[in-house]
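S.K.: Got a structure for you, questions after.
The values are calculated or read from the model by the stated rules, or taken from the named source; none is laboratory data. Here the structure is a predicted model, which is why all the values come from computation and not from measurement. Using ideal geometry, Cβ is built from the backbone for each residue, glycine included, and neighbour counts are taken over all protein chains shown. Side chains included, ligands, DNA and RNA excluded: accessible areas come from the protein's heavy atoms. Shrake-Rupley method; radii C 1.70, N 1.55, O 1.52, S 1.80 Å.
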Amino acid sequence: MADYITVEMIDDLAAGAAFLGTGGGGDPFIGALLCREALERFGPVRLLPLSEVEDDAAIFTAAAMGAPTILIEKLLSLEDADSAVRALERHLGRIATAIIAAEIGGINSTLPIAYAAMRGLPIVDADGMGRAFPSLQMTAFNAAGVACAPIALADEFGNRAIIETDSAQTAEDLARPLVAALGASAALSCYPMSGTEAKRGAVAGSLSAALEIGAAISGRGTRGEPVERLLSALRRHPLYGHAYRLFDGKITGLERDTSRGWVFGTCDLTGLEDERRCSVKFQNENLSVEIDGALHAIVPDLITIVDRETGHAIPTESLRYGQRVAVIGCSAPPQLRTAEAMRIMGPNAFGLAQLYTPIEALAISIDEQRISGGSSRDKGEEK
């Protein structure tokens, strides 16, 4: 693990965070611009292992909240992030001693690093999801009993709001329409926590994981086809070890609906060398993959659509007709597969009809069907 995050690491971090964003979380390359400028101005940021965090540390998140399509057009600034974090510090009477990412996917992986650089604070090598999710309550923090509120929201006009509630779901319900009123995106600080609480709830090592995944995609130190390098990196990592190339195809259908502060939709693909059909559902992030009507992966396991040539993840807002892509699925970190986590961020939390089945179990089942002649799953999809 690196001791510091430097400017030279930002491209790898953005690429890895884009993959872990599973289609959502906001475009990390926008956050990378902010992060690069901050590191050049303020210097490298210490990467603090979760195990080395002091129990009485004051850990704050710095994040963006809103629809990814809006975050492209309405860029956040470090001043907005500072406004939200400072408001929460004043409310709690505590000053941050370290910053942690609420989610490792998308813009919310790079924004907190830029903010930590601005404040001269370390960034904890961990986050609250091990991926990206669309709602405040969908975190490993929440599943471990760490309080989401009080939370602070801020916009570019100096407007700030503090929300106090005992429920992360209520915090989400109150914050979402407020963010819509602030222009559909805002700076956010939530889950203020001690070091003890961070050790209990955070997904350890996820920031390092994003760096490793990004390096594999860029080909730094390795050879081979980009998508295969990506799969190899995932299979070596303890957080994401069951990884599969689920489908190769061309985008032939795309539906998006930006409403209630989210982007809902479906991406349909047709096989490049056969007539198989693939359908990926998303709500900001990708939720499920069905191929010829059979479920191949479902939330909270990770599903990311990547460019077949470069291996780079394609956010849902950047999907286009005719793109030739690969659909990659991998297992979620263990904290997201507990019974409590499943209640908060499993298929039912998104209104999906299917029950959760781990991606590795689906792979075995589908391979058994293929061997018996009941499925068209390719050998190339096997781990």
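S.K.: Which option, (i) 42; (ii) 30; (iii) 46, is the value of percent of Cα pairs over 31 Å apart that was calculated from these coordinates?
M.R.: So the calculated entry is the one marked (ii).
S.K.: What is the dipole size for the chain, taken about its Cα centre, with +1 at each Lys and Arg Cβ and -1 at each Asp and Glu Cβ, in debye to the nearest 20? Could you put the intermediate results ahead of the total?
M.R.: Details: 34 positive and 50 negative charges, 31 e Å.
Dipole magnitude for the chain comes out near 140 debye.
S.K.: Find the accessible area per residue for region 1-102; the probe is 1.4 Å, ligands and nucleic acids are left out, and the unit is Å². Can you show the working numbers first?
M.R.: Numbers: 4050 Å² over 102 residues.
Heavy-atom accessible area per residue stands at 40 Å².
S.K.: Follow-up. If you take the beta carbon distance between Ser318 and Thr338 as r and set R0 to 35 Å, what does 1/(1 + (r/R0)^6) give as a FRET efficiency, to the nearest 0.05?
M.R.: On the way: r = 32 Å, r/R0 = 0.93.
Efficiency, from the Cβ-Cβ distance: 0.60.
S.K.: Taking square-rooted eigenvalues a ≥ b ≥ c of the alpha carbon gyration tensor, is region 19-178 rounded, prolate or oblate, where a/c under 1.5 means rounded and, failing that, a/b exceeding b/c means prolate?
M.R.: Judged from the Cα gyration tensor, region 19-178 comes out rounded (a/c under 1.5).
S.K.: Something else now. Carbon and sulfur atoms: what percent of the 1.4 Å accessible area of the chain do they account for?
M.R.: 50
S.K.: How would Asp292, Asp307, Asp166, Asp367 rank on accessible area, largest to smallest, probe 1.4 Å?
M.R.: Descending order: Asp166, Asp292, Asp307, Asp367.
S.K.: Compute the distance in nm between two label points, each set 7 Å from the Cα along the Cα-to-Cβ direction, one at Thr196 and one at Ile162.
M.R.: 2.3
S.K.: Out of Val325, Phe247, Ala117, whose Cα points farthest toward the positive end of the dipole of the chain (charges: +1 Lys, Arg; -1 Asp, Glu; placed on Cβ)?
M.R.: Phe247
S.K.: Rolling a 1.4 angstrom probe over the protein heavy atoms, how many square angstrom per residue are accessible across region 233-383?
M.R.: Averaged over the residues of region 233-383, the accessible area is 43 Å².
S.K.: Give the longest segment of the chain that steers clear of chymotrypsin sites (Phe, Trp or Tyr not before Pro) in DSSP loops with at most 13 neighbouring Cβ atoms within 10 Å, not counting the sites themselves.
M.R.: 158-320
S.K.: Please work out the average accessible area per residue across region 131-170, using the 1.4 Å probe convention, and give it in Å².
M.R.: Computed with neighbouring chains in place, this is 37 Å² per residue.
S.K.: Then there's this: Enumerate by residue number the GluC sites (Glu not before Pro) in region 19-64 meeting two conditions: DSSP loop (anything except H, G, I, E, B), and at most 15 other Cβ atoms within 10 Å of the site's Cβ.
M.R.: Sites meeting the loop and neighbour criteria: Glu54.
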